[in-house]
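A quick write-up on the structure given underneath.
The values are calculated or read from the model by the stated rules, or taken from the named source; none is laboratory data. Every value quoted in this text rests on a predicted model; they were computed, and no experiment measured them. Cβ sites come from the backbone with ideal geometry, for glycine too, and all protein chains shown count toward neighbours. Heavy atoms of the whole protein, side chains included, go into the accessibility calculation; ligands, DNA and RNA do not. Shrake-Rupley method; radii C 1.70, N 1.55, O 1.52, S 1.80 Å.
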Amino acid sequence: MTSLLKAIGFVIGFGTPFLFVYLAVRSLLSDVWKLALLTELPGRRMAGSVITTVWAIVVFLISIAALGPKRGNAVFFVVFATVPALAWHTLRFWAWWRDHADTREDALEVAIERSRRRNEPEPLPSQRLPWKDYVFDVEVARRRALYEPPPI
């Protein structure tokens, strides 16, 4: 039994730092940029900042409880590695839940058009969860609806 516990401890001891480094790099490369681009979306700006702040406080308090106040660098690393991803996914689900079915259909048309251009798998009309760029697709659909071509 002790060898099993040692193996589990070894996996946790060496796997956790790699997990947090992966999350930090992924967060810097994708989620931080997505959260920064929310400043261009008037309807999502306030919700994005509130969700990010709430997740930052929660993760900070959990990290302080788990790691202790003497390991401040580790606490801030955990916060910066996990909060942008948590905030982005929460905002995406919140937007999906709050939007009407017509808005989702318009965003789906934009997503299907983009996925066909990129030769990616298309989102399905029957899916129950949002795709990765749902928030931006809603904004593209909104701007398309507002567009009026100039007179000739």
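Residue count for segment 114-152, restricted to those that are closer than 23 Å to MET46 by Cβ, of a type in the set (Gly, Ala, Ser) and loosely packed, with under 10 Cβ neighbours inside 10 Å: 1. Annotation: of all residues in segment 58-109 being touching a helix residue (DSSP H, G or I) at 6+ places or on another chain (Cβ under 8 Å) and among the small types (Gly, Ala, Ser), the one that is farthest from PRO17 (Cα to Cα) is ALA107.
Of the residues making up segment 90-107, none is surrounded by 14 or more Cβ atoms within 10 Å (Cβ to Cβ), under 16 Å from the mean Cα position of the chain (by Cα), β-branched (Val, Ile, Thr) and over 23 Å from PRO123 (Cα atoms). Pairing each residue of segment 119-131 that is without any contact (Cβ under 8 Å) to a residue 40 or more places away in the chain with any residue that is of a type in the set (Lys, Arg) and open to solvent by 60 Å² or more (accessible area, probe 1.4 Å), provided the two are 6+ apart or on different chains, yields C-beta distances under 8 Å for GLU122/ARG116.
Residues considered: THR52, THR16. Of these, the only one that is loosely packed, with under 14 Cβ neighbours inside 10 Å, part of a helix (DSSP H, G or I) and of a type in the set (S, T, N, Q) is THR16. As an exercise: evaluate ALA85 against (1) crowded, with 17+ Cβ neighbours inside 10 Å; (2) free of Cβ contacts under 8 Å to residues at least 60 places away in the same chain; (3) touching an Asp or Glu at 6+ places or on another chain (Cβ under 6 Å) and give the number of the one condition it does not meet. With respect to (1) crowded, with 17+ Cβ neighbours inside 10 Å; (2) free of Cβ contacts under 8 Å to residues at least 60 places away in the same chain; (3) touching an Asp or Glu at 6+ places or on another chain (Cβ under 6 Å), ALA85 is out only on (2).
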